[in-house]
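Values quoted throughout were computed directly from the atomic coordinates according to the rules given, and no laboratory measurement underlies them. Just so it is clear, the model here is predicted, and its values are computed rather than measured. Neighbour counts are summed over all protein chains in view; Cβ atoms, including those assigned to glycine, are modelled from backbone coordinates with ideal geometry.
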Amino acid sequence: MASSYSAVYAAWKQDPQAFWAEAAGAIDWFRPADVTFDASQGVYGRWFPGAETNTCHNCIDRHVEAGCGDRVALIYDSPVAGRVKHWTYGQMLREVQALAAVYLARGVTRGDRIILYMPMIPQAIIAMLAAARIGAVHSVVFGGFAASELATRIDDCAPRLIVSASCGIETSRVIPYKPLLDAAIDLAGHKPDHCLVLQRPQCPAELKAGRDLDFLQEVETAKSKGVDIPCVPLAATDPLYILYTSGTTGQPKGVVRDTGGHMVALQWSMRNFYGIGPGEVFWAASDIGWVVGHSYIAYGPLLGGNTTVLYEGKPVGTPDAGAFWRVVEQHRVSVLFTAPTAFRAIRKEDPQARLIENYDLSSLRALFLAGERADPDTLAWAETVLKIPVIDHWWQTETGWPIAGNPLGLGLLPVKHGSATVPMPGHDIRVVDDAGHPVGTGVLGNVVIRLPLPPGCLPTFWNADERFRTACLEEFPGYYKTADAGYIDEDGYLFIMSRTDDIINVAGHRLSTGSMEEICASHPDVAECAVIGIHDAIKGQVPAGFLVLNANVSRETIEIEREVVALVRERIGPVAAFKTVMCIKRLPKTRSGKVLRGTMQKIADGLDWTMPATIDDPAVLDEIGVTLRERGFGRAAHPA
Ligand code: COA
Ligand code: AMP
């Protein structure tokens, strides 16, 4: 099929408001918008002001009302819990109504915040939808974060209620969540009224009288009373959720997602970008703690009337590298979305992809990759073994849906390995130098998006308009700064190469090296430190810490290194994958005292590097090289 991409993108460019007004026709509104976009509202304008709608209505009720109550909405597949369960749209409606009744009975109302600290179980999605139903604002915190990260989020969004489960289940171990939750509440200044805890048989938790409530008991009580909780009409500009993501300081940024624009963008993307229609099975193998989970495990597929797969397992080890193929066959998955790291993990275990031969993958039309750069090698391997289109696409927590990609729904464009392909409607992408001047074709620069951002993108940070302005809009006036570096080639294809800030991407998880440095520096024996992201064959990048100890320290350095590793795990959580740390005599710096992290990274990754002209003492880089080689890194590195 010839791609209609160019015509669709041109139509958007010619009249953005008409384009999004038409897309909005796919959503049920209780009251239409006064105008499609009002540039005078909010930080850079707001989409669909005056309109009223409800996300839960559009995800669930309208499909049931249209006679699709028996269609499967969600398939829960958990190799770690040994369960597969189907939930129809009708069943989801009953569960969501019951939980919404529990929320209301416990005093949670429109505008209140609810934190969800949940593993990958259906109740996590039910909890999101129930919040949306009554107009409460949810904030999901990824289970791999430690208590202090959870505490920071509790203090920032001040939830009335926290919904959690007694434990998560990783490949080979059960992780009790309740001690982390209790510790976080102890640490936080703000205290929630209640915690609703779902008891899992693998590790039931002790509940604290008065504060903690048994999730299943509360829901059963609500059901026995008979529940009919209507969807609250909300302003299109009301927040649906807050999702915290790493910023350049230790304080995470609370990305706000609105109600109306979010639905319009996601619904458009399901058919036009991912090419998936109602009743088809869409599987985003991610986690509800990340934006991919919000947009494409929960909201996007349900808005589209698709069947979504909620997979509580890993690509390898649950039980083997054929896990993804088993799920595709068993649930007849049409479109799969995951991070490249998952394919690197599968390839390492099963390089010849022999396990694929055991499964029927005929239902699978396409594989979408995002969350980190899809390295051409992994992409080519996936194409070879799956024999279907493999599509890299680029976006961020802030944008909520693809900024650029190859739109399967509109008809695929020729694939260029290493490129995220072309901008989606709504995104006018430019590449500029540090002064904001456009750079030439093929020249690397800052990737920025012309304002206004399209529906679905963040209107602001939670309670922090000014931080949003300074972090994202100030440096390049009139544009949103993505903090990614890249270039556009002669065919208009976009290549995203790296971040321009201190964020690293570890197994598709976004982490700030700055916040790791803050933690390393808090160790009493550490005088100064640097954390950089170094290449890892599976996770893409992993953090590596370099510590300079105080002069008077006489303890074994190995002991201090172990303590620092434990400290980062305790403060950020296992998700940081912070396992490599080394003590060095001094850090390489410029004469003005700036640590040369970029050069350290090149040496660690075994890349050619040039001696920075401004370096204070060139000998320091030799010392770093020696230490790295002793630890097995950077063997081939040499100054160019
Ligand atoms: N709750 C508690 N702990 C968690 C957790 C959760 N929800 N998720 C991860 N962890 C822990 C892991 O057990 C691991 O702990 P360890 O250091 O004690 O082994 C640590 O956090 C790092 O986890 P992870 O990054 O997932 O690494 P892994 O080695 O367990 O698995 C992959 C590596 C590549 C298989 C895995 O990251 C993966 O499947 N990624 C692709 C999909 C994805 O989630 N992408 C994200 C955005 S699209
Ligand atoms: P997150 O907000 O966690 O989704 O992370 C977003 C960041 O991940 C982006 O700013 C990029 O740095 C990186 N990223 C995501 N998808 C891609 C991609 N397809 N190619 C390159 N980088 C990507």
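Of note:
- Distance between the range 121-174 and the range 290-358 - C-alpha centres, whole angstrom: 23
- Within the same chain, lysines fewer than 8 places from Lys387 are excluded, and of the rest, those with a Cα less than 18 Å from its Cα are Lys416.
- Extension gain (nm, one decimal) between Leu187 and Ser4, 0.36 nm per residue minus Cα-Cα: 60.5 nm
- Residues of the range 342-374 with an amide N closer than 18 Å to a point placed 7 Å from the Cα of Ala26 along the Cα-to-Cβ direction: 366, 368.
- Förster radius 60 Å - calculated FRET efficiency between Ala566 and Thr441, Cβ distance, rounded to 0.05: 0.80
- Extension gain, Gln352 to Asn463: 0.36 nm times the residue separation minus the Cα-Cα distance gives 34.9 nm.
- Bridging of Lys602 to aspartates and glutamates at a Cα separation below 20 Å is possible for Glu372, Asp375, Asp484, Asp501, Asp502, Glu517, Asp536, Asp616, Asp617, Asp622, Glu623, Glu630, once same-chain residues fewer than 8 apart are set aside.
- The coefficient of translational diffusion for the range 545-640, derived via Stokes-Einstein from the alpha carbon Kirkwood radius under 10 °C and 1.306 mPa s, stands at 110 µm²/s.
- Under 14 Å of direct C-alpha separation, and excluding same-chain neighbours fewer than eight residues apart, Lys314 reaches these aspartates and glutamates: Asp77, Glu170, Asp287, Glu349.
- Computed from the C-beta positions of Ala209 and Ala105, the FRET efficiency with R₀ = 22 Å rounds to 0.75.
- Entries of Lys85/Lys348; Lys253/Lys481; Lys348/Lys539 with Cα pairs more than 19 Å apart: Lys85/Lys348
- Extension gain for Ala18-Lys225 works out to 69.9 nm (0.36 nm per residue, less the C-alpha to C-alpha distance).
- The angle between the Cα long axis of helix 557-571 and the main principal axis of the chain comes to about 20°, on a 0 to 90 degree scale.
- Mean separation of Cα contacts under 8 Å (6+ apart) over length of the range 74-143, as relative contact order %: 31
- In the chain, Rg over Rh equals 0.96, where Rg is the alpha-carbon radius of gyration and Rh the Kirkwood radius from pairwise Cα distances.
- In this simple spin-label model, placing a label point 7 Å from the Cα along the Cα-to-Cβ direction at both Ala11 and Ile558 gives a separation of 6.7 nm.
- At an R0 of 25 angstrom, the distance between the Cβ atoms of Tyr359 and Asp70 translates into a FRET efficiency of 0.35.
- Couplings for the range 456-466, taken from phi via the Karplus curve 6.51 cos²θ - 1.76 cosθ + 1.60 with θ = phi - 60°, read x, 7, 5, x, 5, 9, 4, 6, 8, 4, 5 Hz in order; Gly and Pro are left as x.
- Nearest 10 degrees, 0 to 90: helix 215-225 Cα axis against the chain principal axis: 10
- Calculated [θ] (222 nm, deg cm²/dmol) that DSSP helices of n ≥ 4 give over the chain, each run adding -39,500 (n - 2.57): -8000 deg cm²/dmol
- Under the Karplus curve 6.51 cos²θ - 1.76 cosθ + 1.60, θ = phi - 60°, whole-Hz ³J(HN,Hα) for the range 40-45, x wherever Gly or Pro sits: 8, 9, x, 6, 10, x
- Relative exposure of Thr500, Thr610, judged by other C-beta atoms within 10 Å (fewest first): Thr610, Thr500
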